[in-house]
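Report on the structure given below.
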Amino acid sequence: MLFTIERFMIRASSRYLRRCFSKNAGTLAHDSQELISQSDNNFASLPLNQKSLKIAILGAPNAGKSTLVNKLIKRSICPTSSKVHTTQTKTDAIYCEDDTQLIFIDTPGVVSMYTSKRYNLAGSFRNDPQVSLAAADIVGIVQEANNIYTRHKIDKNILELLTEKIINKIPMILIFNKVDKLRRKDVLLELVDIFVKSKESLKFSDIFMVSALTGDGIDDLRTYLLDSAKPQDWQYERHIYSNHKCEYIIQQTVRAKLMDILPHEIPYILDIKVDHFETGSDDSIKAVVSITCPRKNIARLLIRSFKDKLINSRIKQVAIIVEQELQNAFRTPVKLKLVVNFPK
Ligand SMILES: Nc1nc2c(ncn2[C@@H]2O[C@H](COP(=O)(O)OP(=O)(O)O)[C@@H](O)[C@H]2O)c(=O)[nH]1
Ligand SMILES: [Mg+2]
């Protein structure tokens with residue numbers, strides 16, 4: 001047992017030290033012009049010796065699962081926001097390197113039956129984490145390293161999902177996220193110690209400490225997963241990086257950024273639709289998205305102009321942020337028009 005603890009401590013701390021002294025490679029390289037809809041480029045380039053790995057990413061709401069997946073695949077295709085329940089359905093986010101394909105299954109935060117009923121959440125909130133576990137080769141559990149109330153133990157809703165059968169069949173890794181928010185980094189080693197020593201704890205094949213926001217530790221985690229891939233056929237062609245359509249990614253990104261910018265429950269009651277979508281001959285994207293507000297005062301909140309600011313309304317702020325995020329997702333210029341509708 002002692003040996004195991006030491007092994008974890010040494011590996012975890014040396015990883016951390018290595019990161020402190022070596023500069024991270026930029027994780028948002030814009031080196032390709034792929035599009036989800038692009039069907040012929042790279043098509044013929046399936047490797048001879050295919051390896052792949054399906055990683056189910058589970059965690060409590062707001063642990064940073066979607067931000068982490070985006071950083072791992074180097075594209076912002078999973079919607080992220082500071083509010084809970086941003087991710088509504090599971091997403092396959094795909095990353096290919098040489099002969100290896102990683103498929104990350106981003107899931108809605110795991111919630112209890114009570115929460116699901118109370119907030120009238122879609123069935124996917126309860127079902128999707130379970131479905132993704134059934135398909136996974138490995139499970140990554142994301143813990144918020146800075147949350148003093150939850151970081152010492154795995155959420156009981158997640159434990160409920162991890163039946164004996166799954167635990168025995170699928171290897172699990174633990175990912176402490178948001179380490180940038182920790183003032184004392186040695187807390188991480190105490191946490192690793194708790195998980196390794198506790199008899200009741202799940203057995204993890206490895207423990208990682210990352211910041212999905214700054215990219216710290218992400219390269220190490222990606223390399224570990226690439227090295228863990230098994231010889232098996234790719235599920236997606238090389239040019240595909242999401243199982244969702246562009247329109248869905250656009251709609252969800254607008255929704256997520258409205259969640260960031262609007263107070264309380266307001267963003268949850270807006271109806272957001274992609275009314276128009278086109279791609280130009282240069283692969284650039286133009287889209288018109290309508291936001292229908294149930295009340296006029298909500299629409300006013302979005303379109304009211306701030307006299308003292310350069311970007312003079314909330315809706316313009318959202319459009320700029322969403323355009324940037326979508327350009328990172330699709331790696332092509334994106335022009336977005338947001339239209340606010342409200343009852344007369
Ligand atoms: N400081 C910090 N914030 C993070 C990190 N990862 C995610 N976040 C923030 O946490 C919030 C929730 O992230 P999100 O990926 O939507 O969480 P999810 O609900 O687990 O998918 C967002 O505001 C993110 O910007 C991190 O490593 N550090
Ligand atoms: Mg999410």
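The values are calculated or read from the model by the stated rules, or taken from the named source; none is laboratory data. Just so you know, these numbers come straight off a predicted model, no measurement behind them. For neighbour counting, all protein chains shown are included, and Cβ atoms are generated from backbone atoms with ideal geometry for every residue, glycine included. Side chains are part of the model used for accessible areas, which takes the heavy atoms of the whole protein and leaves out ligands, DNA and RNA. Shrake-Rupley method; radii C 1.70, N 1.55, O 1.52, S 1.80 Å.
Per the listing LYS286, LYS273, the residue uniquely touching a Gly at 6+ places or on another chain (Cβ under 9 Å), in the same structural domain as PHE330 (by TED's automatic domain parsing) and among the charged types (D, E, K, R) is LYS286. Which one of these is farther than 29 Å from ILE194 by Cβ and modelled with pLDDT of 95 or more: GLN101, GLN143? Of the residues listed, the single one that is farther than 29 Å from ILE194 by Cβ and modelled with pLDDT of 95 or more is GLN101. Looking at HIS152, HIS85, just one residue is surrounded by fewer than 17 Cβ atoms within 10 Å (Cβ to Cβ) and either within 13 Å of ligand 1 (Cβ to nearest atom) or under 21 Å from GLY217 (Cα atoms) (or both), and that residue is HIS152.
Restricting to segment 53-69, name every residue that is in contact (Cβ under 8 Å) with a residue 60 or more places away in the chain and near ligand 1 (Cβ under 8 Å from one of its atoms). Passing the criteria: GLY59, ALA60, ASN62, ALA63, GLY64, LYS65, THR67, LEU68.
Residue by residue, here is whether (1) open to solvent by 40 Å² or more (accessible area, probe 1.4 Å); (2) in a helix (DSSP H, G or I) holds:
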site: ALA212; (1), (2): no, no
site: LEU221; (1), (2): no, yes
site: LEU225; (1), (2): no, yes
site: ILE249; (1), (2): no, yes
site: THR253; (1), (2): no, yes
site: LYS257; (1), (2): no, yes
site: ASP260; (1), (2): yes, yes
site: HIS264; (1), (2): yes, no
site: ILE272; (1), (2): no, no
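Sub-6 Å Cβ pairs linking a first residue in segment 204-225 that is free of Cβ contacts under 8 Å to residues at least 24 places away in the same chain to a second residue that is away from ligand 2 (no atom under 16 Å from the Cβ) and outside any loop (DSSP other than H, G, I, E, B), at least 6 apart or interchain, number zero.
When you check VAL187 against the structure, is it of a type in the set (Val, Ile, Thr), in contact with a Gly (Cβ under 8 Å, 6 or more places away or on another chain) and within 16 Å of ligand 1 (Cβ to nearest atom), yes or no? So VAL187 fails the test.
Can you find a residue in segment 178-196 that is more than 19 Å from CYS96 (Cα to Cα), within 16 Å of ligand 2 (Cβ to nearest atom), of a type in the set (D, E, K, R) and in the same structural domain as CYS78 (by TED's automatic domain parsing)? The answer is yes; a qualifying residue exists. If you filter segment 32-61 down to residues that are of a type in the set (S, T, N, Q) and at pLDDT 95 or above, you find that the one that is surrounded by the most Cβ atoms within 10 Å (Cβ to Cβ) is SER52. As a summary of the residue check, ASP99 satisfies the conditions (1) touching a Pro at 6+ places or on another chain (Cβ under 6 Å); (2) within 16 Å of ligand 1 (Cβ to nearest atom) except for the one numbered (2). For segment 124-133, does any single residue satisfy the condition of being farther than 24 Å from THR253 by Cα, more than 16 Å from ligand 1 (Cβ to nearest atom) and either open to solvent by less than 40 Å² (accessible area, probe 1.4 Å) or without any contact (Cβ under 8 Å) to a residue 24 or more places away in the chain (or both)? Yes, that holds for at least one residue.
Taking first residues from segment 134-145 that are farther than 22 Å from LEU188 by Cβ and partners that are crowded, with 24+ Cβ neighbours inside 10 Å, the Cβ contacts under 6 Å between residues at least 6 apart in sequence or on separate chains come to ALA136/ALA56. For segment 92-104, the criterion of a residue being touching a Lys or Arg at 6+ places or on another chain (Cβ under 9 Å), in contact (Cβ under 8 Å) with a residue 40 or more places away in the chain and within 8 Å of ligand 2 (Cβ to nearest atom) is satisfied by no position. Which one is modelled with the lowest pLDDT, of the residues in segment 273-315 that are among the β-branched types (Val, Ile, Thr) and more than 24 Å from GLU247 (Cα to Cα)? Ranking the qualifying residues of segment 273-315, first place goes to ILE311. Residues in segment 283-299 that are open to solvent by 80 Å² or more (accessible area, probe 1.4 Å) and either free of Cβ contacts under 8 Å to residues at least 12 places away in the same chain or touching a strand residue (DSSP E or B) at 6+ places or on another chain (Cβ under 7 Å) (or both): LYS286, ASN297. Looking at this structure, is THR115 in the same structural domain as PHE195 (by TED's automatic domain parsing), open to solvent by less than 40 Å² (accessible area, probe 1.4 Å) and assigned to a helix (DSSP H, G or I)? Criteria met by THR115.
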